[in-house]
1. Among the numbered conditions (1) farther than 30 Å from N44 by Cβ; (2) touching a Leu at 6+ places or on another chain (Cβ under 8 Å); (3) open to solvent by 20 Å² or more (accessible area, probe 1.4 Å); (4) touching a residue at least 60 places away in the same chain (Cβ under 8 Å), tell me where C208 comes up short.
2. Of all residues in the range 65-118, which are closer than 19 Å to C144 by Cα, assigned to a loop (DSSP other than H, G, I, E, B) and either touching a Leu at 6+ places or on another chain (Cβ under 7 Å) or among the polar types (S, T, N, Q) (or both)?
3. Name the residues in the range 125-165 that are under 18 Å from L192 (Cα atoms), open to solvent by less than 10 Å² (accessible area, probe 1.4 Å), in contact with a helix residue (DSSP H, G or I) (Cβ under 9 Å, 6 or more places away or on another chain) and of a type in the set (S, T, N, Q), would you?
4. Kindly indicate which of V194, V236 is within 22 Å of the chain's Cα centre (by Cα) and crowded, with 18+ Cβ neighbours inside 10 Å.
5. Do you know which residues across the range 43-89 are among the aliphatic types (A, V, I, L, M) and modelled with pLDDT of 90 or more?
6. Considering (1) assigned to a loop (DSSP other than H, G, I, E, B); (2) modelled with pLDDT under 90, say which one Q233 fails and leave the rest.
7. Looking only at residues in the range 152-182 that are under 30 Å from the mean Cα position of the chain (by Cα) and modelled with pLDDT under 90, which one is nearest to G47 (Cα to Cα)?
8. Mind listing whichever residues of the range 121-168 are basic (K, R) and in a strand (DSSP E or B)?
Amino acid sequence: MASVSLSEAEKVYIVHGVQEDLRVDGRGCEDYRCVEVETDVVSNTSGSARVKLGHTDILVGVKAEMGTPKLEKPDEGYLEFFVDCSANATPEFEGRGGDDLGTEIANTLYRIFNNKSSVDLQSLCISPREHCWVLYVDVLLLECGGNLFDAISIAVKAALFNTRIPRVRVLEDEEGSKDIELSDDPYDCIRLSVENVPCIVTLCKIGCRHVVDATLQEEACCLASVLVSVTSQGVVTCMRKVGKGSLDPESIFEMMETSKRVGKVLHASLHSILHKEESLGPKRQKVGFLG
């Protein structure tokens, strides 16, 4: 993961500021930076989104392809995640430098979506045991400016909201053989419900307090972090500790309560932005770098 070098004086300045609920950029401990969200930015995908959180820039594309259901879940489709850490994001990702981080992020996304409540996977099934939709979610890290996991989870949710899957019919002839017919109408498609798709809220322990949406400089002062997956109703679905430092049970409980509170506000703001952008239709102005 990208990192910065700070002097002891800079670290003391950041830590003391956090103790007073005043961060270097003027935010409070529970405040996010400005989030820019844009959907439908890549034309050759089923759905896409670009999210910019401070200096963190994420692009996500979703591609729907037909596949065979897994043996243990014959009546469900499934999601596959791939994370590419671009060398443009930070020199540390050159060569195979970003492979470990990409695998870590992908595994975290698998854990978040490994439950039936996140996405209705049964709606992706076309014919049990034979055909289903497989959603390939490709995540590209364009710039790394801290708080990667939160930005990626927001981008994945926005891309799934934007995803349109062609409607299909299963036709069976007199001999019993099945044939799949795709609708020719580009507007005849099914949409995924992202109401229960969680977002990650990362809380970094700095001194005796914790902050959300940490910058690279604040991450350099962080002893340990907790990644909490929260739904729009404030339900925690997954939690993971990151870092070498230790956390006492009281701190973990406080972090979980903060994540629920912050997560509800984050979901409400994201849903509002996504529905507002969709209501503009094809006439909306694309402002992203791919617009």
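1. (2)
2. Scanning the range 65-118 gives S86, N88, A89, T90.
3. Residue satisfying the conditions is S153 alone.
4. Every option except V194 fails the conditions.
5. Selection gives A49, V51, L53, I58, L59, V60, V62, A64, M66, L71, L79, V83.
6. Looking at each condition in turn, Q233 falls short on (2).
7. Looking at residues that are under 30 Å from the mean Cα position of the chain (by Cα) and modelled with pLDDT under 90, I get P166.
8. Of everything in the range 121-168, just one residue is basic (K, R) and in a strand (DSSP E or B), namely R164.
The values are calculated or read from the model by the stated rules, or taken from the named source; none is laboratory data. None of the values given here were measured: they were computed from a predicted structure. Here Cβ is always computed from backbone atoms with ideal geometry, including for glycine, and neighbour counts include all displayed protein chains. Only protein heavy atoms, including side chains, enter the accessible area calculation; ligands, DNA and RNA are left aside. Shrake-Rupley method; radii C 1.70, N 1.55, O 1.52, S 1.80 Å.
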